[in-house]
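Heads up: the structure comes next, in structure tokens.
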């Protein structure tokens, strides 16, 4: 008889809880964790986020996308009278000042933004002065916090869909619950889950569409069309989602091809929203595809392109300021989880690779993305957020077969990091080259020197990175070989 795996007793007790109740617990926990996070100082009102707010303000209050009266506006709750538009707005068609950021998120959020703006503007001044001083609360901070609450609710919805997919793949509600909770309270979800960026809504739409496609045998044509429209809307959320949207389109057509009417409905829904993006781009910039922000880079030869792709890929994974793994080492389990998932659910495993690869192409290729691989002033791994769930699902799906003391130690390490970041969310934000703020806080320059930097990459950073990759490959092979014997992963179509 094999020894129980670490934490199996807790997971078994959670397995006995009704899945709907676990889903409710998960939503409540996610909301409470992120509400606690925004009670600390944070940067959700800076960087691109505040410029997305300017767009939402123009849509909600002015009913237009002319930003000429939104920047330099005296008395604005967004403090836009002190906000430099910089490269975030440019004269477009007919010389009208237009936002360079995509408008999908402000468009979705406009009704909520209008309500939050009214509440912040009218309610905050009526609060007791002592309370406002103690909470450092003014109308701008109130508006920022209300928008963060809206994003937290979106993140809770993402956690719920992730829980459903993980339960479907494992057949175990306890494993799915624990995996979903760890997924959301770890970067990059923890660090973006309260910020008015397009990445979390992109992740939610992506997972919702894929979850529905996996259960696609009973899809109506209307439902298929709406899923196609949701996929097309990814293009309005951010042009960087183009590869991901096309990947979802390919997966959908393969899944639905047996019933051509449903496949056609999905395709028409997608084309309708893709056409809406093209029409909007013509309206704003007099060009069907490109804008000051979304334009191709130049071709500089195969060698330079391959070097740039490798640099961006390793930077996204390993860079101490902007990479995923220094902040979320639990994602080291993703390749091993995928290899085990491939044995049980080969179609799902293939589709996840297709989706993640498709999403990465516009980020890694310099001819499609001249901006680079960082997210500017933002938390680490910003560009990976839309596919973070697709990378995390395999590890959760294979969790009980991966369960070893080494994995438990990795999860504990992640939990300690999560608690640290929860209490100091400002340390998650960086811009440009240099040491990571959280490493300096934890261990000073000695700890910084142990982590690679890819902005720019130096010889020592390259050697450290190659060592990390070698250890990662070894860990993956070891975990797959030692995968605990367990019942096959199975699908469960029960609703939660």
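Here, each number is a calculation from the coordinates, and none is a lab measurement. The structure displayed is predicted, hence computed values, not measured ones. Backbone-built Cβ (ideal geometry, glycine too); neighbour counts: all protein chains shown.
Points to keep in mind about this one:
- Dividing the summed -39500 (n - 2.57) terms of all DSSP H runs of n ≥ 4 by the residue count of the chain sets its mean residue ellipticity at 222 nm at -20000 deg cm²/dmol.
- Intensity falloff of the chain expressed as log10 I(q)/I(0), Debye formula with alpha-carbon point scatterers, at q = 0.07, 0.10, 0.12 Å⁻¹: -0.38, -0.80, -1.18
- Sorted fewest first by neighbouring Cβ atoms within 10 angstrom, 71, 283, 43, 194 come out as 283, 43, 71, 194.
- Its relative contact order, with pairs defined as Cα atoms under 8 Å and 6+ residues apart, puts segment 15-98 at 18 percent.
- Global geometry of segment 356-496, whether rounded, prolate or oblate, following the gyration tensor of its Cα atoms and the 1.5 cut on a/c: prolate
- For segment 49-117, the square roots of the Cα gyration tensor eigenvalues, ordered a ≥ b ≥ c, give a/c of at least 1.5 with a/b no greater than b/c, which places it in the oblate category.
- Spacing of the modelled spin labels on residue 254 and residue 138, each 7 Å from Cα toward Cβ, amounts to 5.4 nm.
- For the chain, the longest principal axis of the C-alpha atoms and the axis of helix 437-448 are separated by about 60°.
- Computed FRET value (nearest 0.05) for residue 412 with residue 462, which takes r as the C-beta separation and R₀ as 35 Å: 0.70
- Fewest-first ordering of 24, 122 by other beta carbons within 10 Å of each residue's beta carbon gives 122, 24.
- With the convex hull drawn around the C-alpha atoms of segment 290-334, the volume per residue stands at 120 Å³.
- Three-way shape label, segment 171-316, alpha-carbon gyration tensor, a/c 1.5: oblate
- Part-to-part distance (alpha-carbon centres) for segment 284-327 and segment 111-165, which is given in Å: 33 Å
- Per residue, the convex hull volume that the Cα atoms of segment 125-235 enclose (Å³): 143 Å³
- Averaging the sequence gap over all C-alpha pairs within less than 8 Å and six or more residues apart, then dividing by the number of residues, gives the chain a relative contact order of 19 percent.
- Only alpha carbons enter this Debye calculation for segment 147-207, each as an equal point scatterer, and the log10 of I(q)/I(0) it gives at q = 0.13, 0.23, 0.24, 0.25 Å⁻¹ is -0.31, -0.86, -0.92, -0.98.
- Fewest-first sequence of 305, 170 by Cβ atoms within 10 Å of each Cβ: 305, 170
- Packing-based ranking, highest mean first, of 429-435, 52-58, 456-462 given that Cβ atoms within 10 Å are counted: 52-58, 429-435, 456-462
- On the beta carbon distance between residue 21 and residue 278, with R0 = 45 Å, the FRET formula returns roughly 0.50.
- Label point distance in nm, residue 40-residue 63, each placed 7 Å from Cα along Cα→Cβ: 4.4 nm
- All alpha carbon pair distances within segment 10-83 were sorted into 10 Å bins beginning at 0; the resulting P(r) in whole percents reads 16, 29, 20, 18, 12, 6.
- Label zone at residue 93, where the point sits 7 Å out along the Cα-to-Cβ direction: segment 288-307 residues whose backbone N lies under 20 Å: 288-296
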